[in-house]
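Trainee: After the structure tokens below, expect a handful of questions from me.
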């Protein structure tokens, strides 16, 4: 978490502890803080403040968007279009609706991890109610052509949701230019606190709530507001907007240096999804002839935290559904690691990691059973 975000939140854990839905002065003080945060989040997305609903994070935002549009028992259109590489929050929501009798089309992507808008158009039916496609993939960073898909959705009179958890604060976002009706973000992906996020809901979008209770968040999301978290998200959104150009240019340069260094130093290493547009902070690299879990553990013991897939699927036995969807064999998917860079990553960090990775890859390859020749029996 950015230190400025923490500083903004601290008063709302103690002195400024009023319930934001109360009409007394203590409550109205915190209500003002919540609404200022709403304005800041809206500004980051090119939206209006009234179109921002605060949630517990990206997963809830995705669920609220997907179930809120397509999950109602009274829904007359019962078909959803999505892709094979969605985050589990969207993927599992669509699969849950499929069990309720809603038809779901899971579109393939190319080797860069990008869906063809023409395939989206071909998948449309008279009963299609929702297109839900993530903006930037959480494992390989690939960016989807949302503007073109947004035009397709509008022409077909179909609701359009995008999971922008990985793109918000990394690249410029404008919900009107993208043509989305709903868009999800999460605070901890922009140096805010965990456990808070937001869903942009375009004015006029018919959204059914997931939860029932009070009339909080314009009847979209009941429950006492998480004021410190919301304040943190608001401050993180302000900082993301202020620093976006600077962060993107610097992080992109560091990522390119990192990838080029790994490719030059490690025989056979390849960047997954490198052929298309990506967010600047994500790098997914395949290291042939070793287990990604073994390399992950070895690097972790040296102080480098990386991932063998989505953080939400750590420990999964199956290879990444994203990597297999872009055409990697299961063995190559199991030899891939995701690295993330950010606002606080330094040139020295990259240099340290570039010295560390080739050594650990060489060591693991040397002890790998697959690389040992059989010994002849005496």
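Trainee: Go from 0 up to the bin containing the longest alpha carbon distance in the stretch 244-368, width 10 Å each, and give me the % of pairs per bin.
Mentor: All Cα pairs considered, the percentages come to 13, 46, 35, 6, 0.
Trainee: For helix 88-99, what angle does its Cα long axis make with the longest principal axis of the chain, in degrees from 0 to 90 and rounded to 10?
Mentor: That works out to roughly 70 degrees.
Trainee: Expressed in nm to one decimal, what extension gain is obtained for the pair residue 301 and residue 347 from 0.36 nm per residue of sequence separation less their Cα-Cα distance? Don't jump to the answer; show the numbers that get you there.
Mentor: On the way: separation 46, 0.36 × 46 = 16.56 nm, distance 2.11 nm.
Result for the pair: 14.5 nm of gain on full extension.
Trainee: Full-extension gain between residue 224 and residue 368, please, as 0.36 nm times their residue separation minus the C-alpha to C-alpha distance.
Mentor: 46.5 nm
Trainee: Can you figure out the FRET efficiency of residue 318 with residue 23, using R₀ = 51 Å and their beta-carbon distance, to the nearest 0.05?
Mentor: Working: r = 52 Å, r/R0 = 1.02.
Efficiency at R0 = 51 Å is approximately 0.45.
Trainee: Grab the DSSP H runs of the chain that are 4 residues or longer, score each as -39,500 (n - 2.57), total them, divide by all residues and round the 222 nm result to the nearest 500 deg cm²/dmol.
Mentor: Using -39500 (n - 2.57) per qualifying helix, the result is -13000 deg cm²/dmol.
Trainee: Going by alpha carbons, how many degrees (0 to 90, nearest 10) lie between the helix axis of 292-301 and the longest principal axis of the chain?
Mentor: 80
Trainee: Could you line up 247, 351, 181 from fewest to most neighbouring Cβ atoms inside 10 Å?
Mentor: If I rank by nearby Cβ atoms, fewest first, I get 351, 247, 181.
Trainee: Assuming 0.36 nm per residue, please report the length gained on full extension of the stretch residue 265 to residue 174 beyond their Cα-Cα distance.
Mentor: Numbers: separation 91, 0.36 × 91 = 32.76 nm, distance 3.94 nm.
Gain in length upon complete extension: 28.8 nm.
Trainee: So which residue, out of 209, 193, 126, gets the largest mean-square fluctuation from a GNM of the chain using Cα contacts under 10 Å as springs?
Mentor: Top of the fluctuation ranking is 126.
Trainee: A further question on this structure: If each residue's Cβ is checked for other Cβ atoms within 10 Å, how do 161, 87, 344 rank with the fewest at the top?
Mentor: Least crowded to most crowded, the residues run 344, 87, 161.
Trainee: When a footprinting reagent is the concern and you count Cβ atoms within 10 Å, what order do 340, 294, 61, 14 take, fewest first?
Mentor: 14, 294, 340, 61
Trainee: Could I ask something else about it? Among 142, 336, 215, determine the one that fluctuates most according to a GNM of the chain built with springs between C-alpha atoms less than 10 Å apart.
Mentor: Top of the fluctuation ranking is 215.
Trainee: Let me ask something else. Quick check: the angle from helix 58-70's long axis to the longest principal axis of the chain, C-alpha only, nearest 10 degrees?
Mentor: 60
Trainee: What FRET efficiency, computed as 1/(1 + (r/R0)^6) with R0 = 22 Å and r the Cβ-Cβ distance, is obtained for residue 355 and residue 289, rounded to the nearest 0.05?
Mentor: Once the sixth-power term is evaluated, E becomes 0.60.
Trainee: With both partners inside the stretch 50-181, how many of the DSSP beta bridges are antiparallel, as a percent to the nearest 5?
Mentor: If I count the DSSP bridges inside the stretch 50-181, around 10 percent turn out antiparallel.
Trainee: I would also like to ask the following. Along Cα→Cβ, 7 Å out, is where each label goes; now give me the distance between the ones at residue 243 and residue 78 in nm to one decimal.
Mentor: With each label point 7 Å from Cα toward Cβ, the separation is 4.8 nm.
Read the figures in this text as sums done on the coordinates, not as results from a lab. Everything numeric here is computed off the predicted structure, so don't read it as measured data. Cβ: placed from backbone, ideal geometry, glycine included. Neighbour counts: every protein chain shown.
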